[in-house]
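The values are calculated or read from the model by the stated rules, or taken from the named source; none is laboratory data. Note that the coordinates shown come from a computational prediction; the quantities given were computed from them, not determined experimentally. Every residue, glycine as well, gets a Cβ built from its backbone with ideal geometry; the counts of neighbours run over all protein chains shown.
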């Protein structure tokens with residue numbers, strides 16, 4: 001049968017009837033890439049019901065080139081691709097894609113140029129995209145042709161599902177720990193102001209400081225150790241009575257510790273230091289870093305699986321974060 005008396009069934013018709021994304025229907029029909037058994041059954045049933053006949057030239061094109069999932073990272077410069085966090089995202093994504101024979105590519109999206117995403121949407125070898133460091137502007141720029149095969153690590157939208165860490169709870173637990181151990185003059189080193197997900201910990205910090213009647217001491221950060229060094233020196237200069245610094249990145253926190261050590265400040269004797277992420281190095285520093293957990297691998301794997309599977313998922317999925325108390329605080 002056909003969907004109308006005057007036209008044959010299209011791939012979009014098959015995807016709609018099967019309840020999957022266009023990319024999933026295409027992968028099943030072409031016999032390439034990943035699709036769940038349930039999705040394969042629904043697509044096969046839709047093909048039979050609609051009498052769909054695939055375009056053989058398109059199938060040949062798909063089979064002729066390598067299929068890849070792109071991890072697209074937004075940042076002020078291409079140096080963002082060197083970030084260890086990004087490496088963890090790529091590694092977890094590759095582990096999801098490998099069994100299906102799908103490659104993983106890393107792509108930089110310059111901040112303020114969301115239209116660059118259109119280049120990926122037009123690339124026939126790209127089966128899907130995982131966005132990292134997502135902003136509202138970038139979400140607004142997602143082409144319609146990418147919908148159903150894109151996911152975000154960070155904020156999402158009505159058409160782009162999001163996967164992220166519950167950094168509100170993690171931040172709250174770290175701050176409560178600092179308060180419970182007697183720290184009352186706590187400074188925070190933030191993440192980039194342009195990144196929405198890094199603003200949630202700042203809001204949590206401000207709320208808690210207000211609740212317990214403590215002053216707010218906020219310094220801008222960018223997730224790097226270099227900025228942590230500079231922020232620590234600035235904090236000591238502005239607030240000589242400082243007794244704790246919380247950085248929302250472990251790398252930044254390690255930079256803070258290095259600067260304090262250089263200035264003869266004892267950690268945690270004089271100033272307690274805490275971070276966020278629980279990177280592998282956090283447990284091996286001296287002193288070992290108090291932090292909050294961040295299951296980057298699980299988050300990235302969930303995002304990649306959602307893109308490849310093509311089935312509807314919850315608009316937003318948060319992964320838990322918890323205090324990891326060590327010697328630095």
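See the values below:
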| read-out | value |
| --- | --- |
| Residue tally, condition exposed (fewer than 14 other Cβ atoms within 10 Å of the Cβ) and either at pLDDT 80 or above or assigned by TED's automatic domain parsing to the domain that holds residue 309 (or both), over the stretch 30-44 | 3 |
| Selection status of residue 145, more than 23 Å from residue 315 (Cα to Cα) and either touching a helix residue (DSSP H, G or I) at 6+ places or on another chain (Cβ under 9 Å) or surrounded by fewer than 18 Cβ atoms within 10 Å (Cβ to Cβ) (or both) | no |
| Given (1) surrounded by fewer than 23 Cβ atoms within 10 Å (Cβ to Cβ); (2) touching a helix residue (DSSP H, G or I) at 6+ places or on another chain (Cβ under 7 Å); (3) farther than 20 Å from residue 98 by Cβ, index of the condition residue 329 fails | (1) |
| Candidate set: the stretch 205-215, residues that are surrounded by 13 or more Cβ atoms within 10 Å (Cβ to Cβ) and within 24 Å of residue 233 (Cα to Cα); chosen: the one farthest from the chain's Cα centre (by Cα) | 214 |
| Residue tally, condition crowded, with 21+ Cβ neighbours inside 10 Å and farther than 19 Å from residue 183 by Cβ, over the stretch 255-268 | 1 |
| Residues (within 23 Å of residue 171 (Cβ to Cβ) and not in a loop (DSSP other than H, G, I, E, B)) located in the stretch 257-276 | 257, 258, 259, 260, 272, 273, 274 |
| The stretch 98-140, subset touching a residue at least 60 places away in the same chain (Cβ under 8 Å) and more than 17 Å from the chain's Cα centre (by Cα), residue nearest to residue 26 (Cα to Cα) | 127 |
